Amino acid sequence: MEKNRLDELIEKSIALELNAAGLYKLFSEALPDDADFWWKLHLEEKSHASLIRAAKESFLKRGKFPYDIVADSIDELKKSNAKTLETIEKYKAVKPTRQEACKVAIALENESGECHYMKFMEKDAETVVETVFQQLNRGDKDHERRIREHLDSLAIES
């Protein structure tokens, strides 16, 4: 893969993780009953961004970057980032309901870049590098499932 293209894919993937973290932080602040839930996801997304950055800094120069950790479409990543930033602006102006926050987060977790990251973390590691990254991230996965479970618990509370 061309180095400039890979650099852009990595940077856009990091941006998506940080934008997701920003959205979850906003939900944490806007929804006090769910603050801990969203804050944990916020921290996990920041951790994902850090892991991707560490992979870039540590392994890219040596040709050992785990390519599967990032999506392969710059355009999809740009769209996902733009959509996430628009969503953040929307919910800065209007507080979401608890259910709405969950539905928005589920949609985000199904975006190309987020989905790609999770698939990488769930696949069988093929290299030592992949194994290391999966072990570092073992507790920070399956966001969509956890958000769906939270959404279901909200329905039970009603």
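The values are calculated or read from the model by the stated rules, or taken from the named source; none is laboratory data. Since the structure is predicted, the reported quantities are computational estimates derived from the model, not experimental observations. Cβ: placed from backbone, ideal geometry, glycine included. Neighbour counts: every protein chain shown. To get the accessible areas, we keep the full protein, side chains included, count just its heavy atoms, and leave off ligands, DNA and RNA. Shrake-Rupley method; radii C 1.70, N 1.55, O 1.52, S 1.80 Å.
Pairs needed: first member in region 116-132, in contact (Cβ under 8 Å) with a residue 40 or more places away in the chain; second member anywhere, open to solvent by less than 50 Å² (accessible area, probe 1.4 Å) and acidic (Asp, Glu); C-beta distance under 9 Å; at least 6 residues apart or different chains.
117/17; 120/130; 123/130
Look at residue 96 and say whether it is modelled with pLDDT of 85 or more and surrounded by 14 or more Cβ atoms within 10 Å (Cβ to Cβ).
yes
In region 61-75, which residues are surrounded by fewer than 16 Cβ atoms within 10 Å (Cβ to Cβ) and farther than 24 Å from residue 110 by Cβ?
61, 62, 63, 64
Take residue 103 and tell me if it is assigned to a helix (DSSP H, G or I) and among the charged types (D, E, K, R).
Here the answer is yes, as residue 103 does meet what is asked.
Before we move on, is residue 21 of a type in the set (A, V, I, L, M), in contact with a Lys or Arg (Cβ under 9 Å, 6 or more places away or on another chain) and in contact (Cβ under 8 Å) with a residue 60 or more places away in the chain?
no
Just for region 121-148: of the residues that are assigned to a helix (DSSP H, G or I), within 21 Å of residue 15 (Cα to Cα) and modelled with pLDDT under 75, which one is most open to solvent (accessible area, probe 1.4 Å)?
Restricting to residues being assigned to a helix (DSSP H, G or I), within 21 Å of residue 15 (Cα to Cα) and modelled with pLDDT under 75, the top hit is 136.
Here's the yes/no breakdown for (1) in a loop (DSSP other than H, G, I, E, B); (2) among the aliphatic types (A, V, I, L, M); (3) surrounded by fewer than 14 Cβ atoms within 10 Å (Cβ to Cβ):
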position: 17; (1), (2), (3): no, no, no
position: 34; (1), (2), (3): no, no, no
position: 46; (1), (2), (3): no, no, no
position: 55; (1), (2), (3): no, yes, no
position: 82; (1), (2), (3): no, yes, yes
position: 85; (1), (2), (3): no, yes, no
position: 89; (1), (2), (3): no, no, yes
